[in-house]
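What follows is calculated from the coordinates using simple rules that are stated; it is not laboratory data. Owing to the predicted nature of the structure, the values given are computational and were not obtained by experimental measurement. Note: ideal-geometry Cβ built from the backbone for every residue, glycine included; neighbour counts use all protein chains shown.
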Amino acid sequence: MHKLPLIKINEINDHITGSDNFQDVFTITDIDANVSGERVENGEYTEPVRLNAILMLLVLKGTCNLCLDYIPHKLEANSFATIMPSHVFQVSRADNGFKAKLLVVDKSFLEEINTAKRSPSMYNYMVLRKNPTTKFEPEETAHLEKAFELLQEKIRLRTHFFHKEVLQNGFVAFLLELANILVGKKENRVRPTLSRKEELINSFLQLLSENAKEEHTVTFYAEKLFITPQYLSFVLKEITGKSANKWIDDALIVEAKLLLKAPQATVQQVADSLHFSDQSTFGKFFKRHMRMSPMEYRKSS
């Protein structure tokens, strides 16, 4: 129970129609909420998940809300989002006009690409890790959309004797096109100047992503940041609209949902992994936030 369950691409493909897929390790999907008939409403649109893959989403029309490692992001037309392997993410409130290109690449496929560490594509990977969402100009979106379509064409080359190698080279070329756009953006070349409060929030969120399962008190995070719990809560409430306790509770609920998806894990094991004193305390915490017990949640998900 030390590792959270990871979703694999083939589990996603079971719920996606109209995608171009290579051996369940490389998938491109055209997302069109108007055509797919997917449920779009306020509230949760997907459950929080961790994928053993990298996801790249290019928004063409409409808007959606993405929560990445507990941090909310609003994606509009010409937005680009990257979700790295093992990051927690959840999509909510996609509107009916939402259209996007989605690329999902399994970690095993990435590991087989022997790219030099100093190449532009590797630089691009590090930039994306630090900047999960980026706003493009319309012409940049159009250019990258064509790059997506070129990759889709390569996936369809099923009779090619070197299909996998062609796709690997195509993906590196895609990363280079993406890097060319990102390197030209000022915000990726110059570190933005943050206020003291913004730096504090960034540090808190980093600590939360690393310690959410083990540490449930505001005092722990405040001590790490060399401030009082009261001041930490004040700054978070002022800037984000959520108190420190709310941030911690929300992160714990996300981790609990992920763990409860593993059928082999008992509720007691989930409680232990999240460092609750006992199963009963965990159950009361979960029901207070979700209005159902952990077992009821497991049966409904």
Given the pairs Lys107/Lys154; Lys135/Lys213; Lys224/Lys257, which span a C-alpha to C-alpha distance of over 29 angstrom in this model?
Lys135/Lys213
Let me have the relative contact order for the range 144-301, percent, based on Cα pairs under 8 Å that are six or more residues apart.
13
Protection proxy ranking, peptides 146-153, 20-27, average beta carbon neighbours within 10 Å, highest first
20-27, 146-153
Output needed: percent of Cα pairs per 10 Å distance bin for the range 241-301, bins running from 0 to the one holding the longest distance.
23, 59, 17, 2
Viscosity 1.567 mPa s, temperature 4 °C: give me the Stokes-Einstein translational D for the range 194-301 in µm²/s, with Rh taken as the Kirkwood radius over C-alpha pairs.
88
